[in-house]
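The values are calculated or read from the model by the stated rules, or taken from the named source; none is laboratory data. These numbers come from a predicted model, not from an experiment. For neighbour counting, all protein chains shown are included, and Cβ atoms are generated from backbone atoms with ideal geometry for every residue, glycine included. Each accessible area value is taken on the protein alone, full model and side chains, heavy atoms only, with ligands, DNA and RNA left out. Shrake-Rupley method; radii C 1.70, N 1.55, O 1.52, S 1.80 Å.
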Amino acid sequence: MKHKHILSVTVANHPGVLTRISGLLSRRNFNIDSLNVGETDNPDYSRMTIELSADDRTLEQVKKQLDKLIEVIEIIELDKSNIVDRDLALIRVDCPKENRSEIIQIVDTFRAKVVDLSKDSIMIEATGTEYKIEGLIEILKEFGIRDIVRTGIVALNRGQVTD
Amino acid sequence: MAKISGAEIFIESLKKENVEVLFGYPGGAVIPIYDKLYDAPFKNVLTRHEQGAIHAADGYARSTGKVGVCISTSGPGATNLVTGLATAYMDSVPMVAFSGQVSSSLLGKDAFQEADVRGITMPITKHNYLVTDVKDLARIIKEAFYIASSGRPGPVLIDLPVDITKELAEFEYPESIDLPGYNPEYNIDKDKLSEAAELINSSKKAVIFAGGGAISSGAGNVLEAFAKKSRIPVITSLMGLGAFPEDNELSLGMPGMHGCRSANYALTESDLIIAVGVRFDDRVTGKLDTFAPNAKVIHIDIDPAEISKNVDALIPLIGDAKEVLEGLSPLIKESKKEAWITQICEWKTNNPYKYDDDSNEIKPQYVIEELNRLTDGKAVIVTEVGQNQMWAAQYYNYSVPRNFLSSGGLGTMGYGLPAALGAQLGRKDDVVIDISGDGSFQMNVQELATIKNYNLPVKIIILNNSSLGMVRQWQELFFEKRYSSTILENPDFVKLAEAYGIYAARIEDAKELSKALEDALNHDGPVLMDIKVAQEENVFPMVPAGKGIQEMIGG
């Protein structure tokens, strides 16, 4: 059975590492849903958040094959019940004057932000879980979506609970 | 400290790595390096093609266990290394390959003889580098040799822009390695070891299945002692031939598509497979659903990604094969599994490799048998790919590791001749025989010149059936004998060898074979024997594609 998994992969911050990792995943026929990468607090390392759908056996192979790459330092499979995960989207929607207040109301409901406004369109920035983003997109569809760009998931484990 | 050029750093680093021989082919981007090679203290072998250079480095590495080293120029020189890198990667051969590259300032500008070699070779190397600063060069070379030879061995490529080889830097060869993402040393899991021992001690029909990993870890003697103590028979994969002496009563030989029936029956009937450095290739398992249906699997491998990749392992033992077996041995009870041994012996006796002898034609199997007899099973056998490879695997008796060199995983035609010359340079005092087919031989035939130039006494045996025999065999059996592009019109190989200055002879009569082979083996220098063999001879037994390994035909 295929499930969604999130891997947090610490890699050496070298040119070509992204190619190495995305190449390995596609070559071995592993399906990536999203992948993003950014520097960590240590400039020698970057962190990739890879979201993929796979059965247990495939997931095991993905992790082991990634781990064989010399530039992969650490792989953690994030436990979805114990993480903070965020997706960021910029959405440009058709927005004639008469729809403006309704759209802004929706934006408020989703705790999103209006970041640009023109005569006939509006740009919205939304941050949240991917389900929230998808919910917002679904509702905005009826107004006519012109462009969407999404980061894909970034995620970190929650801190230890102390008593 | 005085500064030296990148090319000099290259030479000094190779000296630090105790490189004895470098195989290569010069070109624009490596002229500064070749200038320094002119008086380098190690041997610099000029092949006639970059593919020849890399297969020669591969043959040297496989036959000695040392790291093979080769070099090419940029662009076409580097792309000619690709087949050799993939060959070495599939069979886990330790190798460091250098490719020249266009000047840093021209990178990405489609410069003359530019190719994105790092991009091209990513999937077929254990790791690769593009050097961007001469100050990194010594460290990168140190890391490359370490990565290539540690853990599961493999090829590492270093792409070296020509300007870097001319720039100056202080030379300091690093003492230690700092690679936080690479740790090839494994502590063997004691609990798993006990579990494995318990399973082995309670098994009734266990088999050991040893492969290339057993050879590269040097597990030969330990494996032999382990098998003797536990009385467990040993199957060796194509890559594992020689890991266990075939004349031992516990030896079952090679399994799989063209393996022997006894090995395939034993795997199918077994209740436990102790896999040692194997990857359960599809040529071994046949149809996976029916592979060893009753067997539990203990999988010993240094590469965790091999565990349960193809066949589920109940107990994985991650680590060096030799060390794991050493840890396991004291926990094994000396046991009597005589019912199983009796069964094995019966299979062996009833199902040897066999062929129909025919006095009118020379049978290729007979050629290998004769070579085995004349060399007492002690030669280094290098093969091409196809029928010649399978007959060489079946009819020669391998008793020590590193005496069978063959492109197993990738199945690279044209591997044998250059690999044989590399092996001969690594094993100067041993007889090296290239068992070749007339098709494969022509894929790197230009290396006859290299063999002659360095007067390497390689014995080239062409099993000449004027066809691409393995494909022809499939066409005969599964494609209604429609021999599409498999019947070859060949040149006169004897004249060809003579043109290169190599002693050659043609044999067409089975009665002359023994004497001719004996003469060839006694000849002081390279020899080519063009042996006309029966064209329609097939490799048997055979597991047809998509069938289980117990469903063998022929033989």
Net charge (Lys, Arg +1; Asp, Glu -1) of residues whose beta-carbon lies under 12 Å from that of A:Gln65, A:Gln65 excluded, is +3
With θ set to phi - 60°, apply the Karplus curve 6.51 cos²θ - 1.76 cosθ + 1.60 along the range B:323-338 and write out the HN-Hα couplings as whole Hz, x wherever there is a Gly or Pro.
5, 5, 5, 5, x, 7, 3, x, 8, 8, 7, 5, 9, 10, 10, 5
Are there any trypsin sites (Lys or Arg not before Pro) in the range B:372-478 that are in a DSSP loop and have at most 16 other Cβ atoms within 10 Å? List them by number.
B:Lys378, B:Lys428
Phi to ³J(HN,Hα) by Karplus 6.51 cos²θ - 1.76 cosθ + 1.60 over the range B:243-256, Hz, x for Gly, Pro
5, 9, x, 6, 7, 6, 4, 7, 7, 10, x, 9, x, x
5 angstrom amide H check on B:Phe209, placed H, neighbours 5+ away:
B:Ile235, B:Ile274, B:Ala275, B:Val276
Which percent of the accessible area of chain A is formed by carbon and sulfur heavy atoms (probe 1.4 angstrom)?
48
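Please compute how much accessible surface disappears when A pairs with B, both sides summed, using a 1.4 Å probe, and round it to the nearest 100 Å².
Working: alone 10070 and 22110 Å², together 30670 Å².
In total, this chain pair buries about 1500 Å².
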Order B:His49, A:His5 by their accessible area, 1.4 angstrom probe, all chains in place, largest first.
B:His49, A:His5
Per principal axis, largest first, the Cα atoms of chain B extend in Å by 72, 62, 42
Considering lysine pairs in chain A that are 8 or more places apart or on different chains, how many have Cα atoms under 22 Å apart?
17
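First compute the accessible area of the range B:432-555 with a 1.4 Å probe, then give the percent of it belonging to carbon and sulfur atoms.
Values: 2630 of 5310 Å².
The nonpolar share, carbon plus sulfur, comes to 50 percent.
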Quick calc: nm separation of the 7 Å Cα→Cβ label points for A:His14 and A:Arg100 -> 5.4
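Among A:56-66, B:292-302, what's the highest-first ranking by average C-beta atoms within 10 angstrom per residue? Before the final figure, lay out the partial values.
Details: A:56-66: 17.4, B:292-302: 22.2.
Per-residue mean Cβ counts within 10 Å order the peptides as B:292-302, A:56-66.
Which whole-number value in Å² is the accessible area per residue of chain B, probe 1.4 Å?
Using a 1.4 Å probe on heavy atoms only, each residue of chain B averages 39 Å².
Quick one: compute the contact order of chain B, relative version, from alpha carbon pairs under 8 angstrom and 6+ residues apart, as a percent. Spell out each step's value before the answer.
Numbers: 1262 pairs, mean separation 77.9, N = 555.
Worked out over chain B, it gives 14 percent.
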With a point put 7 Å past each Cα toward its Cβ, work out how far B:Ser194 is from B:Thr132 in nm, to one decimal.
5.1
Cβ neighbours within 10 Å, averaged per peptide: list B:53-61, B:211-219, B:484-492 in order, most packed at the top.
B:53-61, B:211-219, B:484-492
Give me, ordered by chain and number, the residues 5 or more places off B:Leu317 or on other chains with an amide H under 5 Å from its own placed amide H.
B:His299, B:Ile300, B:Asp301
Averaged over its residues, how many other protein chain Cβ atoms are within 10 Å of peptide A:70-78's Cβ atoms?
3
Run the numbers on the range B:96-141: which residues show a drop of 40 Å² or more in accessible area, chain on its own versus all protein chains together, using a 1.4 Å probe over heavy atoms?
B:Arg118, B:Met122, B:Pro123, B:His127
Using a 1.4 Å probe on the heavy atoms of the protein chains only, list every residue of the range B:308-333 that has 30 Å² or more less accessible area in the complete assembly than in its chain alone.
B:Lys309
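Could you give the length gained by full extension between B:Lys336 and B:Leu107, i.e. 0.36 nm per residue of separation minus their alpha carbon distance, to one decimal place?
Numbers: separation 229, 0.36 × 229 = 82.44 nm, distance 6.62 nm.
Separation in residues times 0.36 nm, less the Cα-Cα distance, equals 75.8 nm.
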For the range B:205-216, what does the Karplus curve 6.51 cos²θ - 1.76 cosθ + 1.60, with θ = phi - 60°, yield as ³J(HN,Hα) per residue in whole Hz, taken in order and with x for Gly and Pro?
10, 7, 10, 9, 10, 9, x, x, x, 5, 6, 5
Is there a quick way to get the dipole size of the range A:36-99? I mean about its Cα centre, with the Cβ of Lys and Arg at +1 and of Asp and Glu at -1; what is the value in debye to the nearest 20?
160
Compute, for B:Cys345, the solvent-accessible surface of its heavy atoms (probe 1.4 Å) with the complete set of protein chains present, and express it in square angstrom to the nearest 10.
50
Assigned charges on the beta-carbon of Lys, Arg, Asp, Glu; the range B:418-555 dipole about Cα centre (debye):
240
Mind grabbing the accessible area of B:Glu498 for me, 1.4 Å probe, Å², rounded to tens?
100
Cα to Cα, under 16 Å, and not fewer than 8 places away if on the same chain: which lysines meet these conditions relative to B:Lys511?
B:Lys363, B:Lys532
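So what is the diffusion coefficient of the range B:403-470 in µm² per second by Stokes-Einstein at 37 °C and 0.692 mPa s, using a Kirkwood Rh over Cα pairs? Kindly include the intermediate steps, with their values, before the conclusion.
Numbers: Rh = 12.3 Å.
D = 267 µm²/s.
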Give the separation of the Cα centroids, the range B:385-442 to the range B:142-192, in Å.
29
Within straight-line cross-link reach of B:Lys452, aspartates and glutamates at Cα separation under 19 Å, skipping those fewer than 8 residues along the same chain
B:Glu50, B:Asp429, B:Asp430, B:Asp434, B:Asp492, B:Glu498, B:Asp519, B:Asp524, B:Asp530
Dipole of the protein assembly as shown, Cα-centred, from +1 at each Lys and Arg C-beta and -1 at each Asp and Glu C-beta, to the nearest 20 debye?
500
So how many Å³ per residue does the convex hull of the Cα atoms of the range B:1-146 work out to?
105
Put +1 on the Cβ of each Lys and Arg and -1 on the Cβ of each Asp and Glu in chain B; which of B:Ala423, B:Leu22, B:Gly555 then has its Cα farthest toward the positive end of the dipole?
B:Gly555
Check the range B:1-118 and count each lysine pair with an alpha-carbon distance under 19 angstrom, considering only pairs eight or more places apart or from different chains.
10
Cα to Cα, under 18 Å, and not fewer than 8 places away if on the same chain: which aspartates and glutamates meet these conditions relative to B:Lys142?
A:Glu71, B:Glu8, B:Glu12, B:Glu17, B:Glu20, B:Asp133, B:Asp159, B:Glu170, B:Glu172, B:Glu175, B:Asp178, B:Glu185
For B:Ile460, list long-range residues whose amide hydrogen, built 1.01 Å from N in the peptide plane, is under 5 Å from its own amide hydrogen.
B:Asp434, B:Val527, B:Leu528, B:Met529
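I'd like the carbon and sulfur percentage of the solvent accessible area for the range B:215-287, probe radius 1.4 Å, heavy atoms only, ligands and nucleic acids excluded. All intermediate terms of the calculation are to be shown ahead of the outcome.
Working: 870 of 1880 Å².
Roughly 46 percent, rounded to a whole number.
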